[in-house]
Amino acid sequence: MPVPSPWRGFLLLVAAMLCFAVLDTTTKSAMAQVPTLMALWVLFLIQALVTNSFVLMRRGVAGLRTQRLKLHVLRGCLLTAVQGLAFLSLRYLPVGEFTALAMTTPLLVTLLAARVLGEHVSPLRLLLVFGGLAGTLVIVRPGGDSMGWVLALPLGLVLVNAAYQLLTSRMARTEDAVATLCYTTLTGLLITSVPLAWYWVPIAEPGLWLQLLLMGAAATAGNLLFILAFERAPAATLMPYMYLQIGFGIFGGWLIFQHVPDTQSVLGMALIALCGMAGGYLTLYEKRLRSAA
């Protein structure tokens with residue numbers, strides 16, 4: 001087992017958030033040139049090859065044994081839906097705004113955890129959840145025409161991603177994290193492979209292939225770094241810093257697409273980040289109180 005080190009966990013998490021921002025920025029660029037399903041297939045292909053090769057070399061076939069195959073398949077289906085909605089969202093939305101909306105998932109999970117997982121959620125935590133959701137409303141501005149129907153994509157992503165994270169939380173009690181990642185990527189690869197023949201388009205430009213490969217590499221590295229970070233530092237310590245991804249997303253959108261969010265969007269993003277970070281610090285404080293009791 002890795003030696004716990006909060007600083008190493010923090011640095012690994014920052015690297016993971018940077019990889020996910022690279023994934024989102026590159027995806028937005030590639031989505032203008034290739035079908036969504038084809039991009040998804042390349043993403044899952046690279047992840048499946050890397051993760052399964054790693055497990056087979058380090059643990060052999062025994063590393064893939066499980067008693068809960070149906071749950072692994074369900075998790076893979078949910079992640080495929082999450083990635084598909086993310087790719088479609090990035091086709092139409094700026095990277096920064098998309099990242100901020102997607103980062104409301106932990107807030108929604110907090111709201112659902114009391115009902116689904118039987119966890120205690122304090123009134124202050126509920127207040128932070130509603131504060132983050134208010135930040136979402138500031139970004140989307142209901143009744144306005146700045147985004148329109150496209151908002152259904154990231155909002156649907158948040159709902160599906162919440163179900164994915166709740167299932168992951170339940171499976172983490174009994175299932176190995178790396179084996180779970182293997183089954184998830186294999187399921188995504190199988191789902192996207194079936195209809196691929198109808199959506200495949202020839203790519204003659206080497207630069208576009210490089211973008212697709214970079215997407216797969218960034219997703220694989222991000223997931224691996226994410227797992228390593230949580231092996232070296234408690235989740236409560238790391239959760240507040242996950243919202244750095246919003247800043248990375250804004251920077252990537254400006255660097256590649258010269259997009260700068262307007263004032264209202266920045267305020268909404270800041271509210272989501274502040275409420276999410278405060279929720280993470282509250283978790284850490286409550287954990288310390290329980291340890292001292």
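Within the stretch 197-223, being hydrophobic (A, V, I, L, M, F, W, C) and touching a residue at least 24 places away in the same chain (Cβ under 8 Å) holds for Trp200, Val201, Ile203, Leu208, Leu212, Leu213, Leu214, Met215, Ala217, Ala218, Ala219, Ala221. If you scan the stretch 257-279, which residues turn out to be more than 27 Å from Thr110 (Cβ to Cβ) and either of a type in the set (Ser, Thr, Tyr) or under 21 Å from the mean Cα position of the chain (by Cα) (or both)? Thr263, the sole residue that qualifies. On the basis of being under 30 Å from Arg59 (Cα atoms) and not aromatic (Phe, Trp, Tyr), does Ile191 make the cut? For Ile191, the condition - under 30 Å from Arg59 (Cα atoms) and not aromatic (Phe, Trp, Tyr) - is met.
Quick check on Leu190: is it over 18 Å from the mean Cα position of the chain (by Cα), farther than 27 Å from Val55 by Cβ and of a type in the set (A, V, I, L, M, F, W, C)?
No: the conditions fail for Leu190.
The condition (being at pLDDT below 80, among the aliphatic types (A, V, I, L, M), assigned to a helix (DSSP H, G or I) and loosely packed, with under 15 Cβ neighbours inside 10 Å) is satisfied by just one residue among Ala134, Ala114: Ala114. What about Ala39, is it under 24 Å from Gly253 (Cα atoms), crowded, with 22+ Cβ neighbours inside 10 Å and touching a Leu at 6+ places or on another chain (Cβ under 7 Å)? Yes: the conditions hold for Ala39. Across the stretch 259-273, what is the number of residues that are buried (at least 16 other Cβ atoms within 10 Å of the Cβ) and part of a helix (DSSP H, G or I)? Adding up the residues that qualify gives 7. Do we have Leu238 as within 25 Å of Gln47 (Cβ to Cβ), of a type outside the set (D, E, K, R), surrounded by fewer than 21 Cβ atoms within 10 Å (Cβ to Cβ) and in contact with a Leu (Cβ under 8 Å, 6 or more places away or on another chain) here? No; evaluated as a whole, the condition is false for this residue.
Report yes if some residue within the stretch 219-232 is of a type in the set (Asp, Glu) and modelled with pLDDT of 85 or more; otherwise report no. Within the stretch 219-232, none of the residues are of a type in the set (Asp, Glu) and modelled with pLDDT of 85 or more.
The values are calculated or read from the model by the stated rules, or taken from the named source; none is laboratory data. Since we're looking at a predicted model, the values are computed, not measured. Neighbour counts run over all protein chains shown; Cβ positions are idealised from the backbone, glycine included.
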